[in-house]
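*Asks:* Here you go, one structure.
The values are calculated or read from the model by the stated rules, or taken from the named source; none is laboratory data. For clarity, every value in this text was computed on a predicted model and none was experimentally measured. We place every Cβ from the backbone using ideal geometry, glycine too, and count neighbours over all the protein chains shown. We work out accessible area using only protein heavy atoms, side chains counted, and drop any ligands, DNA or RNA first. Shrake-Rupley method; radii C 1.70, N 1.55, O 1.52, S 1.80 Å.
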Amino acid sequence: MSNTDPFTAIADPHRRFLLEELRRAPRTVNELAEGLPISRPAVSQHLKALLDCNLVSVTANGTKRIYAVNNRGFDKLNLWLDQFWA
């Protein structure tokens with residue numbers, strides 16, 4: 001997915017599940033794949049889409065890549081949504 005629109009990224013239910021899991025705690029691809037009926041490579045592709053939108057971040061810890069919610073990436077979403085409550 002080359003689209004960097006966060007609304008497009010969160011339209012997918014698997015990506016929303018990943019964000020909900022990462023909201024609880026940073027996790028690896030293997031840990032995230034345990035809760036989904038899709039393959040680890042598919043989870044990696046979904047995480048790539050979320051990375052492209054800056055909704056998640058990734059850090060290396062040895063051979064593991066740890067994914068976490070990127071709170072600053074949600075600013076664009078929050079600004080758009082806030083206009084309906086102001």
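*Asks:* Taking Cα pairs under 8 Å and at least six residues apart, what relative contact order does the chain come out at, in percent?
*Replies:* 33
*Asks:* Are there chymotrypsin sites (Phe, Trp or Tyr not before Pro) in the range 8-86 that DSSP marks as loop and that have at most 12 other Cβ atoms within 10 Å, and which are they?
*Replies:* Filter output for the range 8-86: PHE84, TRP85.
*Asks:* Put +1 on the Cβ of every Lys and Arg and -1 on every Asp and Glu Cβ in the chain; which of THR8, LEU19, ILE66 then has its Cα farthest towards the positive end of the dipole?
*Replies:* ILE66
*Asks:* Quick check for you: with a 1.4 Å probe and neighbouring chains kept, what is the accessible area per residue of the range 6-82, in Å²? Walk me through the numbers before you get to the answer.
*Replies:* Numbers: 4740 Å² over 77 residues.
Per-residue accessible area for the range 6-82 comes out at 62 Å².
*Asks:* In the range 6-82, what percent of the accessible surface is made up of carbon and sulfur (1.4 Å probe, ligands and nucleic acids excluded)?
*Replies:* Percent of accessible area from carbon and sulfur atoms in the range 6-82: 50.
*Asks:* I want to verify the translational diffusion coefficient of the chain in µm²/s; compute it with Stokes-Einstein, Rh as the Kirkwood radius over Cα pairs, at 20 °C and 1.002 mPa s.
*Replies:* On the way: Rh = 13.2 Å.
It comes out at roughly 162 µm²/s.
*Asks:* When the dipole is taken about the Cα centre of the chain, and only Lys, Arg (+1) and Asp, Glu (-1) are charged at their Cβ, what size is it in debye, to the nearest 20? Intermediate values should be presented prior to the final figure.
*Replies:* Values: 11 positive and 9 negative charges, 54 e Å.
So the dipole magnitude of the chain works out to roughly 260 debye.
*Asks:* Here is a follow-up. Please sort by residue number the trypsin sites (Lys or Arg not before Pro) in the chain whose DSSP state is loop and whose Cβ has at most 14 other Cβ atoms within 10 Å.
*Replies:* Sites meeting the loop and neighbour criteria: none at all.
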